[in-house]
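What follows is a single structure, written as structure tokens, with notes after it.
Rule-based calculations on the coordinates, nothing more; no lab input. Treat the numbers as computed from the prediction; the structure is a model and nothing was measured. We place every Cβ from the backbone using ideal geometry, glycine too, and count neighbours over all the protein chains shown.
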Amino acid sequence: MEDAVWQQDLKGKVALVTGASRGIGRAIALALGDLGARVVVGYVSDEMRAQNVVSELKARGAEGRALRIDVKNIKEAPAVIDDVLAVEKALHILVNNAGIARDNLLIRMKEEEWYDVLETNLTGAYALTKAAARPMMKARWGRIINISSIVGVIGNVGQANYVASKAGLIGLTKAVAKELASRNITVNAVAPGFIETEMTEKLPDDLKTQMKALIPLGSFGAPEDVAAVVRFLASEGARYMTGQVLHVDGGMVM
Ligand code: NAP
């Protein structure tokens, strides 16, 4: 039993990672592949980069394929899960990672900016989680991991839409964790701090300097730092954890 608890082996498991063509999602896809999972690499606009991730998976001895999933189009969610089940014959791990930011101060924020972010980051996760829950309940095994953000816990200026979506993901995580626990499905969230990806690369240098000064560990994180925690949550070693929010932020929020 003790061995099973610490085992980090995902051989025979199928994982779906949304927004896995780059950044944090890409690192998560590769990390799950390293543990033996077969990975469905979600993308929305950049098929080439998603195919590159599949090639990287194969080069590391793992299996995977790219699948176009627009998480904003929630009507597609049941068909996406059906596709995974038809081809892969199972779905054990869902990582709701796809996300966007459309920053603006509240008084200037357009409805479109609000809805774009809420629909992509939160409603998209709701729809895929709902569709994925059924096969996981049947299998009596599942891992759902939502990529939130520390700003969902502490707030941030100019990001009312993004912060609301990320705080909403934490609420979704806890509610669904309680609903699905009896079926041996765990639902957890990861709240990254400042991670170096294309999402953060566009931020002005003076803001980056200010933010770095707030990080006790003194540097920005890498996508692999987040992926390592997701990999743990997906593994058997995390079987007794659900409804949790794990911060990966260099100590920024504590
Ligand atoms: P990123 O580099 O901008 O990558 C975003 C990914 O999401 C891409 O793979 C993109 O796909 C996909 N995507 C965008 N809109 C989508 C849609 N409608 N449907 C499906 N996929 C969509 O972002 P990142 O920095 O890796 O962030 C990944 C997640 O971590 C996000 O949820 C973000 O909010 C969260 N996060 C990031 C940080 C950070 O500091 N970077 C901090 C906290 C939380 P295509 O390439 O196909 O367009």
**Q.** Cβ charges +1 (Lys, Arg) and -1 (Asp, Glu), total dipole of the chain, debye
**A.** 720
Q.
Could you work out the percent of alpha carbon pairs in the chain separated by over 24 Å, rounded to a whole number?
A. 43
Q: With unit charges on the beta carbon (Lys/Arg positive, Asp/Glu negative), name the residue among Val71, Ala101, Val84 whose Cα is farthest towards the positive pole of the charge dipole of the range 47-109.
A: Ala101
Q. So in the chain, what percent of DSSP beta bridges are antiparallel if you round to the nearest 5?
A. 0
Q.
Please compute the modelled spin-label separation between Asn156 and Ala90, points set 7 Å along Cα→Cβ, answer in nm with one decimal.
A. 3.7
Q | Relative contact order (%) - the chain, alpha-carbon pairs under 8 angstrom, separation at least six | A | 21
(Q) With just the Cα atoms defining each centre, how far is the range 63-84 from the range 213-237? Give it in Å. (A) 26
**Q.** Cα lying deepest toward the dipole's positive end in the chain, options Tyr240, Val44, Val54, charges on Cβ
**A.** Tyr240
Q: Pick out, in residue order, every one of the trypsin sites (Lys or Arg not before Pro) in the range 150-254 that is DSSP loop and has at most 16 other C-beta atoms within 10 Å; say none if there are none.
A: Lys202, Arg239
Q. Using a Förster distance of 30 Å, how high is the FRET efficiency between Ile215 and Met48, based on the Cβ-Cβ distance and rounded to 0.05?
A. 0.35
Q: Name the residue, out of Ile195, Ile170, Ile154, whose mean-square fluctuation peaks in a Gaussian network model built on the chain with Cα pairs under 10 Å.
A: Ile154
Q. Scanning the chain for helices, which whole DSSP H stretches are 15 Å or more long along the axis (Cα) and average 0.0 or more by Kyte-Doolittle?
A. 23-34, 77-88, 124-139, 160-180, 223-234
Q | Compactness index (Cα Rg / 2.2 N^0.38 Å), the range 64-180 | A | 1.13
Q: Identify all lysines with a Cα-Cα distance to Lys89 below 17 Å; exclude those on the same chain that are fewer than 8 residues away in sequence.
A: Lys11, Lys13, Lys138
Q: Please sort by residue number the trypsin sites (Lys or Arg not before Pro) in the range 50-128 whose DSSP state is loop and whose Cβ has at most 13 other Cβ atoms within 10 Å.
A: Arg60, Lys89, Lys110
